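Following: one structure in structure tokens, then a few remarks.
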Amino acid sequence: MLTMRLRLADLQEPKWRSEGGRWINAQSWIEPANVSTLVMEVNDDQAPCVRIRVKECKRDEADFVALTMEPGEARLSAGVFGTAPLYLTEKGGELHA
């Protein structure tokens, strides 16, 4: 549902902005899959805590990927029960999905 490169160092002062279908903050970026049935919601009202959710555009229990970022920490969950597979790798302080 999304691809991303997330650097923990970039979470210290989050200044996310939308650019060309991606949300970018310093060298980090998050991009939802290019599928018309998906919507990406960004909630930065409680910065430096930023919440991003990519979900299906349907009622009831739609599948989703939720990302919560705070300085030095990122939490990712997927699916209604948090059990959908995520393909992640970490290298040198960067999280790739």
task: Any residue in region 69-96 that's within 24 Å of Gln46 (Cα to Cα) and in contact (Cβ under 8 Å) with a residue 40 or more places away in the chain: show its pairings with residues that are acidic (Asp, Glu) and surrounded by 11 or more Cβ atoms within 10 Å (Cβ to Cβ) at Cβ separation under 8 Å, as long as the two are six or more apart or on different chains.
output: Ala78/Asp63
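Within region 23-51, how many residues are at pLDDT below 90 and either among the aromatic types (Phe, Trp, Tyr) or closer than 17 Å to His96 by Cα (or both)? Break it down into steps so the answer makes sense when it comes.
Start the filter on region 23-51 by keeping residues that are at pLDDT below 90, which leaves 32-48.
After this cut, where a residue has to be either among the aromatic types (Phe, Trp, Tyr) or closer than 17 Å to His96 by Cα (or both) as well, the list is 32-33.
Summing the residues that are at pLDDT below 90 and either among the aromatic types (Phe, Trp, Tyr) or closer than 17 Å to His96 by Cα (or both) in region 23-51 gives 2.
I'm trying to understand the selection: among the residues of region 13-50, which are part of a loop (DSSP other than H, G, I, E, B), farther than 19 Å from Ala78 by Cβ and polar (S, T, N, Q)? Reasoning before the result, please.
Narrowing region 13-50 to residues part of a loop (DSSP other than H, G, I, E, B): 13-16, 20-21, 26-27, 33-37, 47-48.
Narrowing the set further to residues that are farther than 19 Å from Ala78 by Cβ leaves 13-16, 20-21, 26-27, 36, 47-48.
Answer for region 13-50, where residues must be part of a loop (DSSP other than H, G, I, E, B), farther than 19 Å from Ala78 by Cβ and polar (S, T, N, Q): Gln27, Ser36.
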message: Exactly one condition in (1) part of a loop (DSSP other than H, G, I, E, B); (2) touching a Pro at 6+ places or on another chain (Cβ under 8 Å); (3) not small (Gly, Ala, Ser) is false for Val54; which is it?
response: (1)
task: Considering each of Arg75, Arg59 in turn, give the residue that is assigned to a loop (DSSP other than H, G, I, E, B), out of contact with any Asp or Glu (no Cβ under 9 Å at 6 or more places or on another chain) and among the charged types (D, E, K, R).
output: Arg59
task: Six or more apart or on different chains, Cβ under 6 Å: which pairs go from a residue in region 12-31 that's touching a residue at least 40 places away in the same chain (Cβ under 8 Å) and under 18 Å from Glu70 (Cβ atoms) to one that's surrounded by fewer than 12 Cβ atoms within 10 Å (Cβ to Cβ) and of a type outside the set (Val, Ile, Thr)? Could you list them?
output: none
message: What are the pairs with Cβ atoms under 8 angstrom where one residue, in region 35-48, is among the acidic types (Asp, Glu) and the other, located anywhere, is part of a loop (DSSP other than H, G, I, E, B)? Sequence gap at least six, or different chains.
response: Asp44/Pro14; Asp44/Trp16
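The values are calculated or read from the model by the stated rules, or taken from the named source; none is laboratory data. Note that this is a predicted model, so its numbers are computed, not measured. Positions of Cβ are backbone-derived with ideal geometry, glycine not excepted, and every protein chain shown enters the neighbour counts.
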